[in-house]
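Here is the structure we will look at, set down as structure tokens.
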Amino acid sequence: MFDTWGGTPYGPYATWYLGHPAFGVLVCSWLAFFPPWTSYWLFVGFSFLLMLIAAWLVAERAVSLFTKRLAWFLMLFGFPAFWMYYVGNMHAPLILALTCIFLAIDIFSLPALNPQNKLQANRYLMAGLLISLFTKPIVILMLPLLLLIKETRCTTVICLLIYAVVSFLFIVVPVLNPEAIGLGKLLQIATDFSFIKNNMNIYQNHFVLNAYMKDNSIHWLNLIAQSDYRLMHVDVFSFPVFIDTLLGFPMNAAWYKLPIYITLLLSFFVPFISNKTIKFQTALLLLFTISLTFFLSYNTVWEYQYTSLAPVLALLPVLYEKNVFYKKWIPVLLVMGFVVTLPNLYFLLHGKEITPFFLFLIRFNRVVPVVIMFIIMLVIIIQTTMKQSVKHK
């Protein structure tokens, strides 16, 4: 958090930062007034506050006292959440963003949607989209679905316009992009994927920054830079690394992108379900599924990032009380999600040689339950979409 790679242009506590530059300036810059460890604890407190807000929002949707307490527990007390606080990563805003988006779609699924409910849902959706877009933009994969659904289209377009204007300013305004490579050079390399992969991968460059990586555009180009690179590290908990370790050789990266392709394809079918309640219940399930593709398709997944599962896990008991059409599957999904929150078997490595078998055990209760959840959700969505299309005919 307080190391600096490739020079110290921003002061003694500056560091290479992959998040949206607006978050670094508008939120993180306030921590520069304090000594490093003080700012670390303040940021941990800030993250915990966001988690409390997310837990409160979910608990407010619960009916029974037991479900309210369960929502608080599932949101706050998973092992990945404790690890997120320990490493001081800025992952909590994404969790709040996902919570807001999921709640918005849940409200839209109400049988009798009054103007007040609609206003509340759009506020949640706008908050969730903007928070994610300006921190970790996982919602990009959700945009086709949100743009195709009439009730969410206007809010989504407004958020994208705000995002585009602010992002453009952080590219062209010198004080906001102090080490810019220039708009001309940026446009030249933006479509040169091979150049980006060969020159702008922080791991491949051994954490040495070049001029291109000091430009704010690294926030958008980093995903391309690391798209085919697999960091075979004991602390990486992604599905691609899990499978490659088992096989003993790297599979083609395109195979791991299948979960993304499948969910994107379904995004073009779900909005056309005629029954409004089933459409939004299915849409919410698809958003859950899209959020899981990060673990299945992205190569470098650190353990704290599994905290992103917390909003899904906390919402499942709430949805069970609402008698959603896939209610019978919720207990299985809940158990699988809870397994992800448990400590892993890392302690087995103490004093032992790191072998593929031990790596399998360490990653097992992170990766495998997510794969099972993804498959179950996918089957439910496909069955529902097909059934509804037959009824419509």
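Scanning the range 198-226 for residues that are more than 21 Å from residue 172 (Cβ to Cβ), outside any loop (DSSP other than H, G, I, E, B) and over 25 Å from the mean Cα position of the chain (by Cα) yields 198, 199. Scanning the range 258-304 for residues being closer than 11 Å to residue 141 by Cβ, surrounded by fewer than 18 Cβ atoms within 10 Å (Cβ to Cβ) and either in contact with a Leu (Cβ under 6 Å, 6 or more places away or on another chain) or aromatic (Phe, Trp, Tyr) (or both) gives a total of 1. Taken over the range 312-343, the criterion of being open to solvent by less than 40 Å² (accessible area, probe 1.4 Å) and not in a helix (DSSP H, G or I) is satisfied by 324, 326. Does the range 362-384 contain any residue that is over 22 Å from residue 310 (Cα atoms) and at pLDDT below 90? Scanning the range 362-384 turns up no residue that is over 22 Å from residue 310 (Cα atoms) and at pLDDT below 90. Note on the range 198-211: residues that are touching a residue at least 24 places away in the same chain (Cβ under 8 Å) and open to solvent by 60 Å² or more (accessible area, probe 1.4 Å) total 4. Scanning the range 65-80 for residues that are in contact with a helix residue (DSSP H, G or I) (Cβ under 9 Å, 6 or more places away or on another chain) and more than 15 Å from residue 96 (Cα to Cα) returns 66, 67, 68, 69, 70, 73, 77, 78, 79, 80. Reported count of residues in the range 101-152, each being assigned to a helix (DSSP H, G or I), open to solvent by 10 Å² or more (accessible area, probe 1.4 Å) and not basic (Lys, Arg), is 19.
Considering each residue of the range 288-308 in turn, none proves to be over 23 Å from residue 132 (Cα atoms) and modelled with pLDDT of 95 or more. Only residues that are surrounded by fewer than 18 Cβ atoms within 10 Å (Cβ to Cβ), within 24 Å of the chain's Cα centre (by Cα) and of a type in the set (Phe, Trp, Tyr) were counted in the range 240-257, giving 1. Just one of the numbered conditions (1) open to solvent by less than 10 Å² (accessible area, probe 1.4 Å); (2) over 21 Å from the mean Cα position of the chain (by Cα) is not true of residue 237: (2).
Yes/no matrix, rows are residues, columns are (1) assigned to a helix (DSSP H, G or I); (2) surrounded by fewer than 23 Cβ atoms within 10 Å (Cβ to Cβ); (3) within 17 Å of the chain's Cα centre (by Cα); (4) without any contact (Cβ under 8 Å) to a residue 60 or more places away in the chain:
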| site | (1), (2), (3), (4) |
| --- | --- |
| 29 | yes, yes, no, yes |
| 40 | yes, yes, no, yes |
| 53 | yes, yes, no, yes |
| 56 | yes, yes, no, yes |
| 66 | yes, yes, no, yes |
| 74 | yes, no, no, no |
| 84 | yes, no, yes, no |
| 95 | yes, no, yes, no |
| 99 | yes, no, yes, no |
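Those helices (runs of 4 or more DSSP H) of the range 229-311 in which at least 3 residues are not aromatic (Phe, Trp, Tyr), considering only elements entirely within it, cover 239-247, 258-266, 276-297.
The values are calculated or read from the model by the stated rules, or taken from the named source; none is laboratory data. Quick caveat, the model's predicted, so the values are computed rather than measured. Cβ: placed from backbone, ideal geometry, glycine included. Neighbour counts: every protein chain shown. Ligands, DNA and RNA are excluded from the accessible area calculation, which covers all protein heavy atoms including side chains. Shrake-Rupley method; radii C 1.70, N 1.55, O 1.52, S 1.80 Å.
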